[in-house]
Amino acid sequence: NYSIRGTELGLDKISSAAIKELPSLMGEKDILKISELLPGIVSVGEGSSGVNVRGGNADQNMFYLDNIPVYSTSHLFGFFSSINSAVIQDFSIYKGYLPPKFGGRLSSVFDVNSKNGNSEKFFAQGGISPVSANISVEGPIIKERLSFLVSGRSTYSNYILKRMPDENLRRSRVNFYDGYASLIYKISEKSSLKAVAYGSQDYFNLNDKNIYEYYNQCFGIQHDHKFSNKLNLTSNLNYTIFGFETTDNTVPSLAYKHNHRLDHLEIKQNFRYLMNDKIRLNFGWDAIKY
């Protein structure tokens, strides 16, 4: 006999411990590459960003980092994830049923939760791979009350292009960076506040003829409050900027520059009410301005 306690079909959860054990590309732990090991998820193609989930298109997936939407999820046109695995506590992938709190996404939702900074002692870690280096620092500002986590990653991959046989590639430049910072404040035993800032940028210059640049800038504040053993409330205020710019100088008389920017302002509240051992009620509201 099996006891079925939930009906979250098409949901996969991966912890930070599992991320460390899975294979990596050039030393980089990539949640998108890891997700491709799961059933129903395939890569769009080599050298392309995004994944197809159960037949859906790559632009039908939504990515959240601490409940903040992230629009550009890859570096180097899909070779690496734009979210540093050093800050990830766990992430969930909804491939089938999508909970209404995510706003009716078409294909899938990648819900990434970051670590909280260590509230008792300082800790630092870092790493160097053939294409990038990263460092993370965390610790208490007020012991057991206010803590921080700061992480940064950047590339030094231009040396690879300098060794390419193609002259256009040898004259090209490519770089990316991403950074994450969070503060978590324990207001009381029943209430906590978390502030998050995240940014990433990619730049690719092909012999000064074609230039591609795209970036994320994300900010969020989350308040968690426990009214009782049965009722909890999570409130979020998020602001995300996604932009890109392309320049084409291949033919001087037809040269052009094209840029685009999307601003996403969101406020939402989610209540969780435990009616009894068998029934849990989730409800709330969400407002977005694009």
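Might you check whether a residue that is touching a Cys at 6+ places or on another chain (Cβ under 7 Å), at pLDDT 95 or above and closer than 25 Å to residue 83 by Cβ occurs anywhere in region 227-249?
Here is the first cut: in region 227-249, the ones touching a Cys at 6+ places or on another chain (Cβ under 7 Å) are 240.
Narrowing the set further to residues that are at pLDDT 95 or above leaves 240.
Now restrict to residues that are closer than 25 Å to residue 83 by Cβ: 240.
Within region 227-249, one or more residues are touching a Cys at 6+ places or on another chain (Cβ under 7 Å), at pLDDT 95 or above and closer than 25 Å to residue 83 by Cβ.
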Just wondering, is there one or more residues in region 267-274 that are under 25 Å from residue 200 (Cα atoms), out of contact with any Cys (no Cβ under 9 Å at 6 or more places or on another chain) and touching a residue at least 12 places away in the same chain (Cβ under 8 Å)? yes
May I ask you to say which residue of 270, 238, 232, 249 is crowded, with 16+ Cβ neighbours inside 10 Å and over 23 Å from the mean Cα position of the chain (by Cα)? 232
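Given the criteria over 23 Å from residue 222 (Cα atoms), within 11 Å of the chain's Cα centre (by Cα) and modelled with pLDDT of 80 or more, does residue 82 qualify? I'd like the intermediate steps shown before the answer.
Values: over 23 Å from residue 222 (Cα atoms): no; within 11 Å of the chain's Cα centre (by Cα): yes; modelled with pLDDT of 80 or more: yes.
No: the conditions fail for residue 82.
State all residues of region 91-121 that are touching a residue at least 24 places away in the same chain (Cβ under 8 Å) and at positive phi; if no residue qualifies, say none.
The initial filter retains those residues of region 91-121 that are touching a residue at least 24 places away in the same chain (Cβ under 8 Å), namely 91-97, 99, 101-103, 105-120.
The answer is 103, and nothing else.
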Might you check whether a residue that is in a strand (DSSP E or B) and of a type in the set (S, T, N, Q) occurs anywhere in region 79-88? yes
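Filter region 185-194 down to residues that are of a type outside the set (S, T, N, Q) and open to solvent by 40 Å² or more (accessible area, probe 1.4 Å) and give me whichever is nearest to residue 263 (Cα to Cα).
Taking region 185-194 first, the residues of a type outside the set (S, T, N, Q) are 185-187, 189-190, 193-194.
Still in the running and open to solvent by 40 Å² or more (accessible area, probe 1.4 Å): 185-187, 189-190, 193.
Details: 185: 28, 186: 30, 187: 31, 189: 35, 190: 33, 193: 24 Å.
Once the filter is applied, the top-ranked residue is 193.
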Mind checking which pairs have a first residue in region 190-213 that is farther than 30 Å from residue 116 by Cβ and a second that is open to solvent by 50 Å² or more (accessible area, probe 1.4 Å) and not in a strand (DSSP E or B), Cβ under 7 Å, 6 or more apart or different chains? 206/168; 207/168; 207/171; 208/249; 209/249; 209/250; 210/250
Looking at the structure I just gave you, is residue 177 open to solvent by 40 Å² or more (accessible area, probe 1.4 Å) and assigned to a strand (DSSP E or B)? yes
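Where in region 1-64 are the strands (runs of 3 or more DSSP E), entirely inside, with at least 1 residues that are at pLDDT 65 or above and within 15 Å of the chain's Cα centre (by Cα)? Reasoning before the result, please.
Numbers: elements: 11-15, 41-43, 51-53.
Of the strands (runs of 3 or more DSSP E) lying wholly inside region 1-64, those with at least 1 residues that are at pLDDT 65 or above and within 15 Å of the chain's Cα centre (by Cα) span 11-15, 51-53.
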Being open to solvent by 10 Å² or more (accessible area, probe 1.4 Å), farther than 13 Å from residue 149 by Cα and aromatic (Phe, Trp, Tyr) is the filter here, so list the residues in region 68-124 that pass it. 71, 77, 79, 94, 97
Between a first residue in region 164-187 that is in contact (Cβ under 8 Å) with a residue 40 or more places away in the chain and a second residue that is part of a helix (DSSP H, G or I), which pairs have beta carbons less than 7 Å apart while being 6 or more apart in sequence or on different chains? 174/76; 174/158; 174/161; 176/76; 180/87
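Scan region 129-140 for residues that are touching a residue at least 24 places away in the same chain (Cβ under 8 Å) and either of a type in the set (A, V, I, L, M) or on the phi > 0 side of the Ramachandran plot (or both) and jot them down. Spell out how you get there, then give the answer.
Residues of region 129-140 touching a residue at least 24 places away in the same chain (Cβ under 8 Å): 129-132, 134, 136.
Passing the criteria: only 131.
For residue 282, indicate whether it is farther than 30 Å from residue 76 by Cβ, surrounded by fewer than 16 Cβ atoms within 10 Å (Cβ to Cβ) and more than 25 Å from the chain's Cα centre (by Cα). Break it down into steps so the answer makes sense when it comes.
Values: farther than 30 Å from residue 76 by Cβ: yes; surrounded by fewer than 16 Cβ atoms within 10 Å (Cβ to Cβ): yes; more than 25 Å from the chain's Cα centre (by Cα): no.
So residue 282 does not fit the description; no.
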Restricting to region 152-172, name every residue that is within 25 Å of the chain's Cα centre (by Cα) and open to solvent by 70 Å² or more (accessible area, probe 1.4 Å). 156
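For region 180-192, enumerate the residues that are of a type in the set (A, V, I, L, M, F, W, C) and in a strand (DSSP E or B). Before you say what the answer is, go through the steps one by one.
Step one: list which residues in region 180-192 are of a type in the set (A, V, I, L, M, F, W, C), which gives 181, 183-184, 187.
Hits for region 180-192 are 181, 183, 184.
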Go through (1) in a helix (DSSP H, G or I); (2) out of contact with any strand residue (DSSP E or B) (no Cβ under 9 Å at 6 or more places or on another chain); (3) not β-branched (Val, Ile, Thr) one by one and return the number of the condition residue 164 breaks. (1)
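The values are calculated or read from the model by the stated rules, or taken from the named source; none is laboratory data. The structure displayed is predicted, hence computed values, not measured ones. When we count neighbours, we look across all protein chains shown, and the Cβ atoms used for this are built from the backbone with ideal geometry, even at glycine. Surface areas here come from the heavy atoms of the whole protein model, side chains and all, with no ligands, DNA or RNA. Shrake-Rupley method; radii C 1.70, N 1.55, O 1.52, S 1.80 Å.
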